[in-house]
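Here is the structure we will look at, set down as structure tokens.
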Amino acid sequence: MYKCIRNTVLVFNILFLLCGLGVLGIGVWIRIDMVQFDELLGKSMVPIAAYILIAAGGVVLLISLVGCLGALKENRVLLGLYFTFMLFIFMMEAAAAVLGSLFYDQVKPFMSTYVESAMMTKYGDPHYELVTKSVDKLQQQFKCCGFEEPKDWDNATAFTSATVPVSCCRNQNQPSCNTAYNSTNIYDEGCVDALSNWMTGNLIYLLCVAIAVALFQILGMVFSLCLIKQAGDDNYV
């Protein structure tokens, strides 16, 4: 029975190692995917949750090695450390899931506070060049113009050189494409829906990964406790 549990823990840790790589990779992917809009999104909860996943994934790799070593050597100290670290990572991932779920319903209000304000007050201002680049990237990537509609640019305080930015143009090589509200030349949808869908999509990835790995970790903690309980006193170091 003991050997069966030990082998189960070893197999589990190999799978857990792969999960750690997956968590780390998804955290890095989401963070890299969002970095282009940092100047618009500010200190939102999505990058914070992504950082938590990156940290959790890195620690999971270390924990998996500790778990394998503890099971092979039948060492209660290592197995105890393994359980403690697993519990710690479980709490980190739970925190990421809570942050993501709390922010899920606040995406559009958050965008009105940060993104719309940045677009209307900072775009075109030479002191906020990074904001200008982020807005241009946003409009080009999501094929949108303005926050809710192209005419939002009438309210811009720093951008006055044309009707809309060139990044609103369907074909930016077309001369004077941004001098009039013409749906043939410019994108006619605002960016709020596209950006909010993109953000909530990333949040769903975060939540699914955190929940799946957390459930997997519960099994690992149960197996490790069983192994600690059945390990002989002569294996204690």
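The values are calculated or read from the model by the stated rules, or taken from the named source; none is laboratory data. Only a predicted model underlies this, so the values are computations on that prediction, with no experimental measurement involved. Neighbour counts are summed over all protein chains in view; Cβ atoms, including those assigned to glycine, are modelled from backbone coordinates with ideal geometry. Just so you know, the surface numbers come from the protein's heavy atoms only, side chains and all, with ligands and any DNA or RNA stripped out. Shrake-Rupley method; radii C 1.70, N 1.55, O 1.52, S 1.80 Å.
When S101, S64 are checked against the criterion of being in contact with a Phe, Trp or Tyr (Cβ under 7 Å, 6 or more places away or on another chain), open to solvent by less than 80 Å² (accessible area, probe 1.4 Å) and within 30 Å of L215 (Cβ to Cβ), S64 stands alone in meeting it. Restricting the search to the range 148-181, which residues are assigned to a loop (DSSP other than H, G, I, E, B), out of contact with any Ser or Thr (no Cβ under 9 Å at 6 or more places or on another chain) and over 21 Å from K108 (Cα atoms)? Selection gives T160, S161, N171, Q172, N173, Q174, P175, S176, C177. Does C208 satisfy the condition of being open to solvent by less than 50 Å² (accessible area, probe 1.4 Å) and hydrophobic (A, V, I, L, M, F, W, C)? Considered against the rule, which asks whether it is open to solvent by less than 50 Å² (accessible area, probe 1.4 Å) and hydrophobic (A, V, I, L, M, F, W, C), C208 comes out as no.
Scanning the range 211-226 for residues that are among the β-branched types (V, I, T) and open to solvent by 60 Å² or more (accessible area, probe 1.4 Å), we see that the one that is farthest from the chain's Cα centre (by Cα) is V222. If we keep just the residues of the range 117-146 that are charged (D, E, K, R) and more than 11 Å from A158 (Cβ to Cβ), which is least open to solvent (accessible area, probe 1.4 Å)? Across the range 117-146, the extreme among qualifying residues is D136. The set of residues in the range 153-171 being touching a residue at least 12 places away in the same chain (Cβ under 8 Å) and either aromatic (F, W, Y) or open to solvent by 20 Å² or more (accessible area, probe 1.4 Å) (or both) consists of W153, N155, T157, A158, F159, T160, S161, A162, T163, V166, R170, N171. Residues that are at pLDDT 80 or above, of a type in the set (A, V, I, L, M) and not in a helix (DSSP H, G or I) are absent from the range 187-202.
Taking the range 1-109 as the region of interest, the helices (runs of 4 or more DSSP H) fully inside it that hold 3 or more residues being modelled with pLDDT of 75 or more are 2-35, 45-73, 76-104.
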